[in-house]
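Written below as structure tokens is the structure these notes are about.
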Amino acid sequence: MKVLMIATATAIGLLAAAPAGAQTSVTTTTETTGSITIAPEQRTVIHQRLGTAKPVTVKEKVTVGMAVPSTVELQTVPDTIVTDIPSVKGYSYFVYNDDVVLVDPKTRKVVTIVE
């Protein structure tokens, strides 16, 4: 009888622990700026790979939503980055004040600034 009570208590303890483990979840916060969503770890990859390009001088402060002057030469985001981060497909970029600025090449509007 004692063995049955110990076995039952053990089983109840295991069952009680199972739901707590099943409720554990990992939440990844993403940053949305402009019209593109890029996870923080992806923003780091973009900054590391593209941030070494020659910086561009722009007279006014660059902000999300602004139209980039036609004097700024836009670079195409390389396929190697698009493969890793598909959400940047079709965008161009330039480097401004050590930040990577992603731009919609059709409208020349800034969609996000990767710091």
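Some values worked out for this structure:
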quantity	calculated
Scope region 69-115; condition among the small types (Gly, Ala, Ser) and either within 20 Å of THR57 (Cα to Cα) or touching a His at 6+ places or on another chain (Cβ under 9 Å) (or both); matching residues	SER70, SER92
Subset of region 89-98 [modelled with pLDDT of 95 or more, in contact with a helix residue (DSSP H, G or I) (Cβ under 8 Å, 6 or more places away or on another chain) and either within 17 Å of ILE36 (Cβ to Cβ) or charged (D, E, K, R) (or both)]	TYR93
Qualifying residues in region 65-81 (those that are under 16 Å from HIS47 (Cβ atoms) and hydrophobic (A, V, I, L, M, F, W, C)) - the one farthest from the chain's Cα centre (by Cα)	VAL77
Residue tally, condition part of a helix (DSSP H, G or I) and farther than 12 Å from VAL111 by Cβ, over region 45-94	13
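The values are calculated or read from the model by the stated rules, or taken from the named source; none is laboratory data. Everything numeric in this text was worked out from a predicted model, so none of it was measured. All Cβ positions, even for glycine, are placed from backbone atoms using ideal geometry, and neighbour counts span all protein chains on display.
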